[in-house]
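To keep things clear, I will list the structure first and then write my remarks on it.
The values are calculated or read from the model by the stated rules, or taken from the named source; none is laboratory data. Because the structure is predicted, anything quoted here is derived from the model rather than measured. A quick note on method: Cβ atoms are made from the backbone with ideal geometry, for glycine too, and the neighbour counts reach across all protein chains shown. Just so you know, the surface numbers come from the protein's heavy atoms only, side chains and all, with ligands and any DNA or RNA stripped out. Shrake-Rupley method; radii C 1.70, N 1.55, O 1.52, S 1.80 Å.
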Amino acid sequence: MKLIILRHAKSSWDAPHLSDHDRPLAPRGQRAALTVGNWLGERGHHPGSVICSSALRTRETWSRVRGSLPEPEEIRFERGLYHAGAAAISAIMRTARASPLMIIGHNPGIGEFARSSLASPPPHDGFNRYPTAAVTVCEFEAEDWRAVVAGTGILIDFTVPRDIR
């Protein structure tokens with residue numbers, strides 16, 4: 001089973017009257033999401049299923065990432081991913097059917113989930129911070145998502161937008 005773990009791109013703080021859930025992407029985040037989408041497409045990391053937080057910035061991240069990817073079989077927007085911790089994200093992952101699966105969420109939970117998923121972290125300074133638009137791609141030796149065991153993921157790729165040229 002192949003998993004793509006994506007933190008939303010940089011959000012805007014220009015409209016303080018908006019709730020946190022309704023904050024859009026900043027222009028820098030819009031560019032970063034396109035960059036990450038191109039990187040995923042070029043490397044053949046095409047999700048068959050996407051589970052995305054219902055927050056506006058995660059939905060906008062997905063809308064820009066998806067332009068470089070084939071249409072997935074399933075796209076779900078989950079309120080439960082909004083500021084979810086690693087355990088909650090893992091529980092939501094287990095409800096997926098298709099692989100590769102992309103999960104788009106928020107820090108600190110999405111970074112904790114990425115760290116707890118892997119057997120060994122990548123040798124990258126940004127991995128522990130899991131900055132905006134960071135993406136981890138890993139594989140598990142499992143028959144389905146319900147059988148995935150934390151800490152057994154094998155790293156395939158990790159990047160942040162500033163590293164993509």
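Collect residues whose amide H, placed 1.01 Å from N in the peptide plane, falls under 5 Å from the amide H of residue 118; neighbours closer than 5 in sequence don't count.
151, 153
Let me have the 222 nm mean residue ellipticity of the chain computed from DSSP H runs of 4+ only, each contributing -39500 (n - 2.57), with the sum over all residues rounded to the nearest 500.
Helix-only estimate at 222 nm: -8000 deg cm²/dmol.
Excluding the sites themselves, what is the longest stretch of the chain that contains no GluC sites (Glu not before Pro) in a DSSP loop with at most 16 other C-beta atoms within 10 Å?
By the stated rule (loop sites, at most 16 other Cβ atoms within 10 Å), 1-72.
For the stretch 84-90, just list the computed ³J(HN,Hα) in residue order, Karplus coefficients 6.51, -1.76 and 1.60, θ = phi - 60°, integers in Hz, with x standing in for Gly and Pro.
Rounded to whole hertz, the list is 6, x, 4, 5, 5, 5, 4.
Which value results when the Cα radius of gyration for the stretch 94-144 is divided by 2.2 N^0.38 Å?
Rounded to two decimals, the normalised Rg is 1.18.
Under a 1.4 Å probe, what is the accessible area of the stretch 1-145 per residue, stated in Å²?
With all protein chains present, the stretch 1-145 gives 44 Å² per residue.
Per residue, how big is the convex hull of the chain when only Cα atoms are used? Give it in Å³.
Taking only Cα atoms, the chain has a hull volume of 97 Å³ per residue.
Spelling out what I want: for every residue of the stretch 19-25, take phi, set θ = phi - 60°, compute 6.51 cos²θ - 1.76 cosθ + 1.60 (Karplus), and round to whole Hz; glycine and proline get x.
Each residue's phi maps through the Karplus curve to give 5, 4, 4, 9, 6, x, 6 Hz.
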